[in-house]
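Colleague: Let me begin by handing over the structure; questions about it come next.
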Amino acid sequence: AALTLLLAARAAAEPVERREIRSVDEFRRLVQTSQRCFLVEFFSGMCGYCQEFEPTWLELAKTTTRLEPARVNIDMPGGLAVAELVGVINEGIPAVVLFNQRRTDSHQTLMAGELEELPKLLRRVYKATKGQYLSTD
């Protein structure tokens, strides 16, 4: 029931900022200084699955307004370095990764190398954050 309310309320959320992390330094600075948890999509513009997943990512980022959404393009040298640092390259793309408690050295991969529907991803975010970050306020 709560998930249904969250999905219904997502329309009231403000448009998501399409923040793109372009370097390891920027990644560390953003994640380590933020008061919020980061939800990061790792993608490639040359990946068909990534292109198919983009609308789902944008909806997910709008729905999880208490999380800080960001994207990392692994086609760019800085983006590839971030993906290698995190280990996402070995997990597959597109990937949705949660960074919690200002830590860049640990993360929880919610999806990697597959396509997931929004309700399933929302359940994964809810479980990973113990329900703290799914809100439209």
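Computed from the coordinates by the stated procedures, all read-outs in this text should not be read as laboratory data. Quantities reported herein were computed from a predicted structural model and do not represent experimental measurements. So basically every Cβ, Gly included, is an ideal-geometry build from the backbone, and we count neighbours across all protein chains shown.
Colleague: Just to verify a number: FRET efficiency for ARG66 and ASP105, C-beta to C-beta distance, R0 = 22 Å, to 0.05?
Modeller: Calculated value: 0.45.
Colleague: Please list, in order along segment 74-88, the HN-Hα scalar couplings obtained from phi with the Karplus expression 6.51 cos²θ - 1.76 cosθ + 1.60 (θ = phi - 60°), rounded to whole Hz, x for Gly and Pro.
Modeller: 6, 6, 8, x, x, x, 5, 4, 5, 4, 5, 4, 6, x, 5
Colleague: Something else: If you build the Cα gyration tensor of segment 38-137 and take the root of 5 times each eigenvalue, what three semi-axes come out, in whole angstrom, biggest first?
Modeller: Listed largest to smallest, the semi-axes of segment 38-137 are 20, 16, 11 Å.
Colleague: In nm, give the distance between the simple-model label positions of ARG18 and MET76, each being 7 Å from the Cα along the Cα-to-Cβ direction.
Modeller: A separation of 1.2 nm, rounded to one decimal place.
Colleague: How many nm is it between the label spots at ASP25 and LEU85, if each spot is 7 Å from the Cα in line with the beta carbon?
Modeller: It works out to 1.1 nm between the two label points.
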